[in-house]
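Contents: one structure, followed by commentary.
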Amino acid sequence: MNRTLYALLVGIDNYPEPRHRLNGCINDITRIREYLDARYRKDAGFTLAPPVVLTDAQATRQAVVDAFRGHLGQAKKGDVALFYYSGHGSQERAPKEFWHLEPDKLDETLVCYDSRMDGPGHHDLADKELAYLIEQVAKPGGHVVVVLDCCHSGSGTRDLRVQQTAVRRMETDLRERPLDTFIMTVQDADRLSRGADGGVGADSGWSAAGAHVLLAACRDDEEAVEYHAEGPDGRVEPRGTFSYFLGDALRTITGPITYRELFARTEALVRSRVPGQTPQIESIPAGNLDLELFDGAIRPTLPFYTLSQRDGQWRIDGGAVHGLPAVDPTDPTLLEVFPFGVPDDDLRTASKALRRVTLSRVEPTSSVVEGGEALDPEQAYKAVIAAMPLPRIGVVFELPDSDGAKLAIQALATARDGSQPSLYVREAGIGAIARFRLLAEGGGYVITSPESDRPLVARIEGQTPATARLAFQRLEHMAKWILASELSNPNTSVQPEDVVLELLDADGQPLPGPSIRLEYQLDTNGKWQPPRFKIRLVNKTGYDLATGVDNGRVLYCGLLDLTDTFAISPLLEAGYVRLGPGESYEAFQGKFVEAKVPDKVWQQGIVEYKDVLKLIVCTKEFNTHLMRQGPLDLPGTKSTTRGITRRGSLNRLMDRLQTREIGVVSEGEDLDDWWATQVIFTTVRPLEAAPVPNAPGRSVALAGGVRLLDHPALKASARLSPAPAASRDLGNLALPRLLRDDPTVSLPFPLAVTRGNDPTLSALILTDVRDDSHREVTPETPLKLQVPRGLADGEYVLPVGFDGEFFLPLGRAERTSAGSTELILERLPDPTSGGKKSLGGSIRIFFQKIVGPWLGSPSPYPILAAAQVGADGVVESTRDVASVAQLVAGAKTILLYVHGIIGDTREMASSALRGGFADRYDLVLTFDYENLNTTIAENARLLGERLKAVGLGAGHGKQLDVVAHSMGGLVSRWFIEREGGNKVARRLVMLGTPNAGSPWPRVVDWATAALALGLNGLTGTPWAASVLGGLVAAGSDPRVTLREMLPGSETLTAMGQDGDPGIPYTILAGNTSIIPAAREDGGPVSRLMARIFGTQALYRVANPFFLGSPNDVAVAIASMTQLGPGRAPLVPVETECDHLTYFRSPAGLASLDRALTS
């Protein structure tokens, strides 16, 4: 039967917008193309159709759709269709017709090269469209495989101080997308959604019907990052983390392998290198996970390489795609050469070899060797690996010029025998691959991962020769652990399916993979009990009834437990177990093993503990005790247990891993035939829950110094949790899009610090909530936590929770001292389970740190500054009065920005560049003032003073235009109408100014309502994450009132009695507050306001305000146009934006441009 493998490979690095560009996507598809070329199975009737490769500008949305239909659509029954995508993922606003399929009202997408360009037809490829294409290709009965190395949902967990790795996610596309731009109908989407229910796996967030297997880079609440990896030539090249380790697993395939087995290897590699990225596998139907990779299209490797002379060079037919490591001159790969006619069974006896050769250059599909001069160039030979290098692990040094730095550098140079460099670790230069960072700071040494600044192990106090040596002893200990976890053999006859490692549950059934997660369970006494399992090994070789071939053989199996504390523990007493064909073995005499999170670790707030079970299978005896090492900080020990003295290459490799003696292969040493794999399982031990104290003055300790204060009525139990663990059944419903889009603005607030790459405790879980008592948490009787972590100026905390329908802002934070914070919860969501309301569910509260636009030390107000807007939109301010006066003296046309109740003028000033009117002014000035506790009249007087001080008093002879937002319009009016400003300003443009007042009694009330709308995507103009800082800051102090802006206030009444000042006013009025679908009475907005304000008076303010009159989310248009009873109303320029997007949206900027030129 002739069968064809069709491949569509898409890689996009150079997106049109420079800030969106990636580095490793084209490398990803180049390597998979090389792999397919080298490894597809010609001998089984397969043909590899020339792959369609779309890179960068070739990979338009239409080109991808056309190639999917035209190339992959050729696949018939028995053929294989592979779609491989490496680039940005994202989300986009879902049309209303899809809302019943998308609780967060967002579609998951692939970002094609032209997806974010302006103009019709430029959209992402939505998940529903991908599902439709997969279904169409799968219809004739072909074998469909989809690989997606991207992510569509940010986790918000990046530490931007140290993380420089590119993330394969673009911000959400907030444009409205017409329904007719999709390649399928709403009915198709409904059908495909129902069809996807027949498969397994859903954590990637991608769903598709039609028979297929999907491999995705991460969970839907994680990020897919890029990775600096070793290329075929040994040089560092950027890759997708998932693509690189998937390729690593593919390269080591020696025989038939299922998708489940391939994924288990890949996931283990990714999770051991990149914490926080968990690959996913999904399949429709579920049984497809156990199909052979690419339906058998990949050629198994032979137990030897063919060595022959080509073009004057001796070459073997193995290269990087076959798993051969790059050349290391200090630790070479050695091969034994045999006559081609030697039986395969004799290839493992070095004494029968003709000679030994050395690998000198590794290329993608072949390699050059040295030492073959005495061989016959007319003959071909068999070559078998005798020794492989153990790479030194890269460490980034962050050592400022100090005595401690000099000691560390000296310790590295003399780590071996006090005189020679370490054989386990090396300094990783700029751009090199690194696994650890060594920091010399605060009089000690700290070891971290490159992605985090949290210590992986205990800090080493003091900077002396002894502590510097200790730092490198720890690094070498960790390096040995890594080498053991990554131990592999690319040249073996042992097949992946020859021996199966199973973890059995209490009923004797294999624990479902490929990801194994074991969780503590509550017993009848309310105590957490550890999970139990058994370990079983099964030799699957034997007589094959289907083929009539007997492939049975005796195999020797070793099992290692590599723990989170960098210990390596052999699990079999003798170091191995002998298994004959069909035999099985249960470790520990068949007794149950308890998976525990050690108390010492758990008490530090670490609730997840990872174990790597390493299985090594060999055709000869070997001794895993040679690899034993204790937990970190304990000296390594050499086992004196019953050992094996047989000389073999595997024993020598294991011994080298601990002793690192280079040595040479001994004469007569067996060339062991071995294979290794691993299974990672995660044990989850939740922190103990404590009852919420009800007695006045009581508090309870949770973890890491966090205390929960008393509440008079809440009946529940509380515990802290990492956000990923708290949100496992929520996915994208843990946090709204607005809090995930930009980690420079929103990121988890760590309530307690944990170790290294372990997730921080940033969520509060309330369980056993009784009698609807959570409704007793109100602004008047809040629930409070005291956290021993401080906030910098310009940093705020937003607690948020999901109640089964809406994301709710739950409260605020107050600084109590330089190093502590009080978190105040003023409302709680209803309990949920699986994202749906449930009386037996839990309340999960996520704490997000919000970074405002004013991060840094506060400045003395008021400030009149000159703003220089760079080509990149960044605003630099000159505040010195004399310098500003000098700039004013040289200018003829000046633009002045005055901000409103929230925000400052930096973003307003940058709008001059974005709006295209910066060139019309010689100078841009900004006026920032204290806007919460200083009166409008006082700020207006101060504005006049500051302008006069820089040469802009009455009759200054220049042209000064004033642009004022919100409350800034009232300050500007008072200045113009009552402080002589009509002789200073030429015109005033007001945007969203409440000239007739605002119904909101306090800033916090409006900010809370606005936040609720934004978090749930209900605003007519979608908000960028940058709006969060101002809103959260405005809601941080409930004492601040808007009394001067209440209708009928003394201030507004006085301004209404003023006459016409004689200069033109222009009103820009945003008219796009709520999306039309949410406006109906009893609809989403009405229900949301009821959740926020209950039946209080505030609900009677909020509901009619948002639903009853045109407004810009903060101010009614009718209020903007009324200057007072003695003044004629102004005709507004209505604009399709809202209160927070006047200076961000194209419509708002276009209206402002017209207002300044009229």
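Here, each number is a calculation from the coordinates, and none is a lab measurement. Keep in mind that what you see is a predicted model, and the values were worked out from it rather than measured. Glycine gets a Cβ as well: all are built from the backbone with ideal geometry, and neighbour counts include every protein chain shown.
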Unsatisfied cross-links (Cα-Cα over 28 Å) in the set Lys784/Lys837; Lys105/Lys849; Lys596/Lys837; Lys77/Lys128
Lys596/Lys837
Long-range amide H partners of Val236, meaning residues 5 or more apart or on another chain whose placed amide H is closer than 5 Å, are Gly231
Which FRET efficiency value, to the nearest 0.05, do you get for Lys892 and Lys948 by plugging their Cβ-Cβ distance into 1/(1 + (r/R0)^6) with R0 = 22 Å?
0.75
Burial-style ranking of 137-149, 836-848, average other-beta-carbon count within 10 Å with highest first, yields 137-149, 836-848
If every Lys and Arg gets +1 and every Asp and Glu gets -1 at its Cβ, then about the Cα centre the range 225-338 yields a dipole, in debye to the nearest 20, of 20
Rounded to the nearest Å, the spacing of the alpha-carbon centers of the range 22-50 and the range 319-356 is 26
Might you report the magnitude of the Cβ-based charge dipole of the chain about its Cα centre, with Lys and Arg at +1 and Asp and Glu at -1, to the nearest 20 debye?
1300
Can you give me the three principal axis dimensions of the range 446-525 from its C-alpha atoms, in Å, biggest first?
54, 53, 22
P(r) of the range 305-387 over all Cα-Cα pairs, binned every 5 Å from zero, in whole percent:
3, 16, 30, 25, 19, 7, 1
Highest mean first, how do 93-100, 391-398, 1000-1007 rank when packing is the count of other Cβ atoms within 10 Å averaged over residues?
1000-1007, 391-398, 93-100
With axes computed from alpha carbons, what is the tilt in degrees of helix 127-138 against the longest principal axis of the chain, rounded to the nearest 10 within 0 to 90?
30
How much length, in nm to one decimal, is gained on full extension between Gln187 and Thr778, taken as 0.36 nm per residue of separation minus their Cα-Cα distance?
208.4 nm
Could you work out the equivalent-ellipsoid semi-axes for the range 393-485, taking the square root of 5 times each eigenvalue of the Cα gyration tensor, largest first, in whole Å?
18, 16, 13
Pick out, from Gly404, Ser746, Phe46, the residue whose Cα sits farthest towards the positive end of the charge dipole of the chain, with +1 on the Cβ of Lys and Arg and -1 on the Cβ of Asp and Glu.
Gly404
Sort Tyr796, Tyr543, Tyr244 so the one with the fewest other Cβ atoms within 10 Å of its own Cβ comes first.
Tyr543, Tyr796, Tyr244
Sort the range 821-924 into rounded, prolate or oblate with this rule: let a ≥ b ≥ c be the square roots of the eigenvalues of the Cα gyration tensor; rounded if a/c is under 1.5, and if a/c is not under 1.5, prolate when a/b is larger than b/c, oblate otherwise.
prolate
For the chain, state the average projected area of the convex hull of the C-alpha atoms over all orientations, rounded to one decimal in nm².
49.2
Using a basic spin-label model with each label point 7 Å from the Cα along Cα→Cβ, how many nm lie between Ala466 and His956?
6.9
After finding the eigenvalues of the alpha carbon gyration tensor for the range 3-296, what semi-axes result from the square roots of 5 times each, listed largest first in whole Å?
26, 24, 18
Along principal axes, Cα extents of the range 876-940, largest first, whole Å:
35, 29, 20
Antiparallel %, DSSP beta bridges [both residues in the chain], to 5
70
For the chain, what is the calculated [θ] at 222 nm in deg cm²/dmol (nearest 500), taking -39500 (n - 2.57) for each run of four or more DSSP H residues and dividing by its residue count?
-6000 deg cm²/dmol
Given N residues in the range 991-1067, what is Rg(Cα) / (2.2 N^0.38 Å)?
1.34
The range 349-392: Rg to Rh, with Rh as the Kirkwood radius over Cα pairs:
0.97
Calculate how steeply helix 61-70 sits against the longest principal axis of the alpha-carbon atoms of the chain, using the helix alpha-carbon long axis, and give the answer as 0 to 90 degrees to the nearest 10.
40
By DSSP, what percent of the beta bridges with both residues in the range 3-296 are antiparallel, rounded to the nearest 5?
45
How large is the convex hull of the C-alpha atoms of the range 503-629 per residue, in Å³?
133
Any chance you could give the angle, 0 to 90 degrees and rounded to 10, that helix 465-485 forms with the longest Cα principal axis of the chain?
70
Report the Stokes-Einstein translational diffusion coefficient (µm² s⁻¹, integer) for the range 485-568, Rh taken as the Kirkwood radius over Cα pairs, at 37 °C with viscosity 0.692 mPa s.
201
Nothing charged except the Cβ atoms of Lys and Arg (+1) and of Asp and Glu (-1): what's the magnitude of the dipole of the range 518-632 about its Cα centre? Round to the nearest 20 debye.
140
Would you kindly compute the Cα radius of gyration of the range 706-817 and its largest Cα-Cα separation (Dmax), both in Å?
14.5, 40
In Å, what Kirkwood hydrodynamic radius results for the range 20-102 from the alpha-carbon pair distances?
15.5
Name the residues whose placed amide hydrogens come within less than 5 Å of the amide hydrogen of Ser360, ignoring near sequence neighbours (fewer than 5 apart) on the same chain.
Val368, Val369, Glu370
